Every structure is written in structure tokens, then in C-alpha cells.
1. Which of the GluC sites (Glu not before Pro) found in segment 12-63 are loop residues per DSSP with 15 or fewer other Cβ atoms within 10 Å of their Cβ?
2. Could you list the trypsin sites (Lys or Arg not before Pro) in the chain that lie in coil according to DSSP, counting only those with at most 11 other Cβ atoms within 10 Å of their Cβ?
3. Return ILE16, ILE47 ranked ascending by Cβ neighbour count within 10 Å, so the fewest neighbours appear first.
4. Under the rule of -39500 (n - 2.57) per DSSP H run of 4 or more residues, summed and divided by the residues of the chain, what mean residue ellipticity at 222 nm is obtained, to the nearest 500 deg cm²/dmol?
5. So, in nm, how far is label VAL8 from label LEU31 when the simple model puts each one 7 Å beyond its Cα toward the Cβ?
6. Please arrange SER60, SER23 by counting, for each residue, the other beta carbons lying within 10 Å of its beta carbon, fewest first.
7. Tell me the Rg and the Dmax, in Å, that the Cα atoms of segment 5-68 produce.
8. Can you give me the distance in nm between label points at VAL41 and SER68, each placed 7 Å from the Cα along the Cα-to-Cβ direction?
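No lab work stands behind these numbers, since they all come straight from the coordinates. In this text the structure is predicted, and so the values were computed from the model without any measurement. Neighbour counts run over all protein chains shown; Cβ positions are idealised from the backbone, glycine included.
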Amino acid sequence: MAKTYRTVQGDMWDSIAKTLYGSESGMTKLLEANGDYADIVVFPAGITLVVPAWEAPKISRLPPWRRS
């Protein structure tokens, strides 16, 4: 069974992603999984969204020649 999230009044895509994934970068993955709601900017309460698995990419702060 897929993980779901029920919106609360005032939720927005970026705030939902931050809550679920710890990063707003996951917003794209949420939008892809919930295309029927893509036109909503500020959610009303009670909409159930599918939450796909997503993990923030690890970003190295080292220059390319120092990465191994």
C-alpha cells in the first residue's frame, strides 16, 4: 500500500515536501505522483495525496577533482 498524506488548510506543495522529505526539492516528485492536483497552489483540508519514495540527492561540496 502506498504512503499517503492528508492535507490541512493552507498546505502548499513545497511545505508538504519539506514536511515529508525534509527538503522542498521533493516537490517535483510529489507533483508527478499527484497530477490531478497540479493546478492547486494552496490546498484545502482533506485532500489525500500519494507520497512516493524520494531521497534528497547527496551533494558534495568538494571540487570535482577531489571527489572519489
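1. On the way: sites: GLU24, GLU32, GLU55; in loops: GLU55.
When the GluC sites (Glu not before Pro) of segment 12-63 are filtered for loop state and at most 15 Cβ neighbours within 10 Å, GLU55 remain.
2. LYS58, ARG61, ARG67
3. Numbers: ILE16 21, ILE47 15.
Final ranking by Cβ density, sparse to dense: ILE47, ILE16.
4. On the way: 2 runs with 16 residues, N = 68.
Calculated at 222 nm, the ellipticity per residue is -6500 deg cm²/dmol.
5. 2.4
6. Working: SER60 9, SER23 14.
In order of increasing Cβ crowding within 10 Å: SER60, SER23.
7. 14.8, 49
8. About 4.9 nm separates the two model spin labels.
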